[in-house]
Amino acid sequence: MSERKVLNKYFPPDFDPSLIPRRRQPKNSQQVVRLMAPFSMRCNTCGEYIYKGKKFNARKETVEGEDYYGIKIFRFYIKCTLCSAEITFKTDPKNTDYAAEHGASRNFEPWRDEKSVEEEDRLAKLEEEENNPMKALENRTVDSKREMDILDALQDIRARNARNERVGQSVDLLERIGMEEIETEEDREKKLAEEEDEKLVRELFAKIPAAEASSSNGAGSSGGASEAVITVKRKAGTQEPDLESLLPDSARALLSVKSSIGAPPPKKKKLAGKNALGIKLKGKAKAAV
């Protein structure tokens, strides 16, 4: 009992659906379905009332030659609960409901009630207009005003749609212009960054004539060599920084403190003499000296 309630069933790996023989059924074959009575009805044979929601095992078939704008219409066969007389009803796509066809009559059909009410209102309105000309004029005025309101609303809808289309086009244009401005702004920033890099390179690497470089080194150069250019890593015309300026502040403070204390006294040098070679004199040699 449990396997008939599952949604997924097991198929073996060697399952081949093409080997399953197809059943050939007639075009207007019937199917047994479980349904509830869609409306309350009364059996025409025995007068038994069948309330809405009563469950039946019905037979379903497609009605041949009838449809509603391409929608199929189905017919259902049920049996009366008292006399087992056959009762049939069909789907009604036009009114989104069901219609009793044979063996029973429906107790209440709402669309028929609406149609009767509309017909009664129309007849009463025509009779009133025939007896009262002013009422007819008033009704025509109301109808013309309603038509003008409908036309105005339709014109407003059309104008709103056209405005929305223009706004959409302008938004696309603004987005395109914004993208172009963003691209130009990025190009401008990139160009400024490149100019700053070139400026920094010019500050660090300067080109000076080869004649000046050779004169600074103390070697003379010919006239042709003066036209040559040498690239140096410092800007031309600047002097080499002092060593103390390159030191950190802590090291500079230690140097200043050491200079204020003063240098230690120099050691006395031994005089070059008899003991300069490290020879010790003994006895008479020492007295002779």
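The values are calculated or read from the model by the stated rules, or taken from the named source; none is laboratory data. These figures come from a predicted structure and were not determined experimentally. Positions of Cβ are generated from backbone atoms using ideal geometry, with glycine treated the same way; all protein chains shown enter the neighbour counts. Heavy atoms of the whole protein, side chains included, go into the accessibility calculation; ligands, DNA and RNA do not. Shrake-Rupley method; radii C 1.70, N 1.55, O 1.52, S 1.80 Å.
Looking for something more than 53 Å from the chain's Cα centre (by Cα), at positive phi and surrounded by 14 or more Cβ atoms within 10 Å (Cβ to Cβ) - is there at least one such residue anywhere in the range 91-106? Within the range 91-106 (the criterion being more than 53 Å from the chain's Cα centre (by Cα), at positive phi and surrounded by 14 or more Cβ atoms within 10 Å (Cβ to Cβ)), the answer is yes, since at least one residue qualifies.
On the stretch given as the range 25-58, residues that are over 48 Å from the mean Cα position of the chain (by Cα), within 18 Å of Ala104 (Cβ to Cβ) and open to solvent by 80 Å² or more (accessible area, probe 1.4 Å) total 8.
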